[in-house]
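Working notes, beginning with the structure itself.
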Amino acid sequence: MITVQEAEKLILDSIGEIETETVSIDAALGRCLREPILADRALPPFDRATLDGIAINSSSYNTGQRKFKVAGTAPAGAVQQELPDVKSCLEIMTGAPLPRLADCVVKIEDIEIKNDIAHLPDGLQLDFHTAVHSQGSDAKAGKELLAPQRLVTAKEIAIAASVGKSELVVSKSPHIAIVSTGDELVSIDQAPEPHQIRRSNDITLAAALKSSGFASVELVHIADDQEQIETKLRELMTRCDSLILTGGISKGKYDYIPETLAKLGVSIRFQWVSQRPGKPMWYGQFSRDGNRLPVFALPGNPVSCFTCLRRYAIPALEKWVGLPKSQPVYAKLEHDLTFKPELTLFLPAVADPRPSGELWVKPALFNTSGDFVSVAQTDGFIELPKARKVFPEGEAFQFYPWPR
Ligand SMILES: Nc1nc2c(c(=O)[nH]1)N[C@H]1C(S)=C(S)[C@@H](COP(=O)(O)OP(=O)(O)OC[C@H]3O[C@@H](n4cnc5c(N)ncnc54)[C@H](O)[C@@H]3O)O[C@H]1N2
Ligand code: MOO
Ligand SMILES: [Mg+2]
């Protein structure tokens, strides 16, 4: 049996970088950018008025001129104009190119225009490019505005749009199959017999993946029949980029998953981790077209598979596609705890942020790793290391928020 840290390292070390694809800018939201975004021209591309007012030559004002003939109007969207001479002005709108011979803008509030003459008061502070956003002052043409390997959010879209990128190169979004097995499981729209239970893990894992940015998910259920499992998994391996299985991995007579995966050529990286819940967890990879594709076989107990998905599978998928890893935070325990088994404990807990800026957590009491009822009241789990037995109130440990 390996430790949590060893399992995490084996998984993350085995994960490479997924291929790229080109998508429309709208479809790039939430994906990892995989190309640099360069300024296609200077930003701003011309000397731009930042206020509505008049464009003048500041040296005329600074050598005593107070009346300027209004020679015309410079709206935004019109080509750059020119003052007839340095003694006159143009009315100018925010966003318009500064006219040639003018070097600053005086805002409308500071002046009075009567009979096409603009009257300026004494005491204005006017210099070269006052109220002008100078050409290239944000970025020179060719400058890298965004480096690759970052999450595309609204602000990245703003930059891409401003340089005319209607399509972006991003990481592919893996198509993930969530496979549940078990003869006792019925679909949620079916009335279960007393000995049956509703199949909840697969749809739960799908929701967690979707809310973590993995939208392409397919649900598959297979009976506890080795032949059917083999046939279906073989088919999924031809077209899915990752498999996440739940159930059928422990020591029961009908726990066919590890054996079948091995038979199908999925190479095992590990099974059995010194953790609760989730001890039977299995991880491996298979090759297709030169890519190594991850397979997570998670225990069937609902809390186990949910916890293992959060602790291992989601960070691994994030690394694969280049999304920022959903990091744990540190949080302080609200009361003393003792846990004697030689296992790392993932304990569901309620977050309690304090006005002091500290995050505290209140561990939840829960029955078994089948008890989703208590877990639903919590915000995440706290990780209590295997090397310890006693965990005192006020000590900080890593807290993993649940997927939203
Ligand atoms: N002799 C041993 N028995 C068990 C061990 C062990 O070490 N030695 N480990 C236990 C632990 S820990 C866990 S966790 C479970 C893992 O079991 P499996 O992965 O084989 O899962 P199943 O046997 O198929 O199911 C376990 C439990 O979960 C329910 N389940 C399964 N799939 C779903 C689903 N899609 N939706 C809702 N509930 C599901 C299933 O009905 C069972 O009650 O093994 C222990 N045994
Ligand atoms: O991993 Mo099991 O989850 O402890 O019931
Ligand atoms: Mg079992």
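The values are calculated or read from the model by the stated rules, or taken from the named source; none is laboratory data. These numbers were taken from a predicted model, which means no experiment stands behind them. Cβ: placed from backbone, ideal geometry, glycine included. Neighbour counts: every protein chain shown. The protein model used for the area step is the full one, side chains on, heavy atoms only, and it has no ligands, DNA or RNA in it. Shrake-Rupley method; radii C 1.70, N 1.55, O 1.52, S 1.80 Å.
Numerical summary
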| item | result |
| --- | --- |
| Residue that is farthest from ligand 2 (Cβ to nearest atom), among those in the range 359-403 that are of a type in the set (D, E, K, R) and without any contact (Cβ under 8 Å) to a residue 60 or more places away in the chain | Lys362 |
| Ser326 being of a type in the set (Ser, Thr, Tyr), in contact with a helix residue (DSSP H, G or I) (Cβ under 9 Å, 6 or more places away or on another chain) and more than 16 Å from ligand 1 (Cβ to nearest atom) | yes |
| The range 167-177 - residue that is in a strand (DSSP E or B) and open to solvent by 10 Å² or more (accessible area, probe 1.4 Å) and, of those, farthest from ligand 3 (Cβ to nearest atom) | Glu167 |
| Count - residues of the range 29-54 that are in a strand (DSSP E or B) and under 16 Å from Ala161 (Cβ atoms) | 4 |
| Candidate set from the range 312-350 (those that are basic (Lys, Arg) and within 18 Å of Ala364 (Cα to Cα)); member that is farthest from ligand 2 (Cβ to nearest atom) | Lys332 |
| Residue under evaluation Ser173, criteria (1) more than 23 Å from Lys263 (Cβ to Cβ); (2) hydroxyl-bearing (Ser, Thr, Tyr); (3) touching a strand residue (DSSP E or B) at 6+ places or on another chain (Cβ under 6 Å), criterion not met | (3) |
| Tally of residues being within 16 Å of Pro299 (Cα to Cα) and within 29 Å of the chain's Cα centre (by Cα) across the range 240-267 | 5 |
| Pair list, Cβ < 6 Å and 6+ apart or interchain, from the range 238-259 residues that are in a helix (DSSP H, G or I) to residues that are at pLDDT 95 or above and near ligand 1 (Cβ under 7 Å from one of its atoms) | Ile257/Gly248; Ile257/Ile249; Pro258/Ile249 |
| Checking Asn301 against (1) within 26 Å of Pro385 (Cα to Cα); (2) more than 16 Å from ligand 2 (Cβ to nearest atom), the condition it does not meet | (2) |
| Matching residues in the range 317-343 - criterion: being open to solvent by 30 Å² or more (accessible area, probe 1.4 Å) and closer than 30 Å to Asn291 by Cβ | Lys319, Pro324, Lys325, Ser326, Gln327 |
| Qualifying residue in the range 291-302 (condition: within 15 Å of ligand 1 (Cβ to nearest atom), within 28 Å of the chain's Cα centre (by Cα), more than 16 Å from Glu8 (Cα to Cα) and open to solvent by less than 30 Å² (accessible area, probe 1.4 Å)) | yes |
| Residue that is most open to solvent (accessible area, probe 1.4 Å) [pool: residues in the range 231-273 that are within 16 Å of ligand 2 (Cβ to nearest atom) and out of contact with any strand residue (DSSP E or B) (no Cβ under 9 Å at 6 or more places or on another chain)] | Lys251 |
| Number of the condition not met by Gly357 [criteria: (1) open to solvent by less than 60 Å² (accessible area, probe 1.4 Å); (2) on the phi > 0 side of the Ramachandran plot; (3) not aromatic (Phe, Trp, Tyr)] | (1) |
| Residue list for the range 10-44, filter: open to solvent by 40 Å² or more (accessible area, probe 1.4 Å), within 30 Å of Cys104 (Cβ to Cβ) and of a type outside the set (Lys, Arg) | Asp40 |
| Counted residues, the range 378-402 - those being under 18 Å from Phe339 (Cα atoms) and part of a strand (DSSP E or B) | 10 |
| Conditions (1) more than 16 Å from ligand 1 (Cβ to nearest atom); (2) surrounded by fewer than 14 Cβ atoms within 10 Å (Cβ to Cβ): number failed by Asp189 | (1) |
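The rows are residues; the columns are (1) assigned by TED's automatic domain parsing to the domain that holds Tyr256; (2) among the aromatic types (Phe, Trp, Tyr); (3) farther than 19 Å from Leu317 by Cβ; (4) surrounded by fewer than 20 Cβ atoms within 10 Å (Cβ to Cβ).
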| site | (1), (2), (3), (4) |
| --- | --- |
| Ile159 | no, no, yes, yes |
| Val179 | yes, no, no, no |
| Glu184 | yes, no, yes, yes |
| Thr204 | yes, no, no, yes |
| Leu209 | yes, no, no, no |
| Phe214 | yes, yes, no, no |
| Leu219 | yes, no, no, yes |
| Asp224 | yes, no, yes, yes |
| Ile229 | yes, no, yes, no |
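Conditions (1) loosely packed, with under 14 Cβ neighbours inside 10 Å; (2) charged (D, E, K, R), marked per residue:
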| position | (1), (2) |
| --- | --- |
| Ala74 | no, no |
| Met93 | no, no |
| Ile111 | no, no |
| Ser137 | no, no |
| Glu144 | yes, yes |
| Lys165 | no, yes |
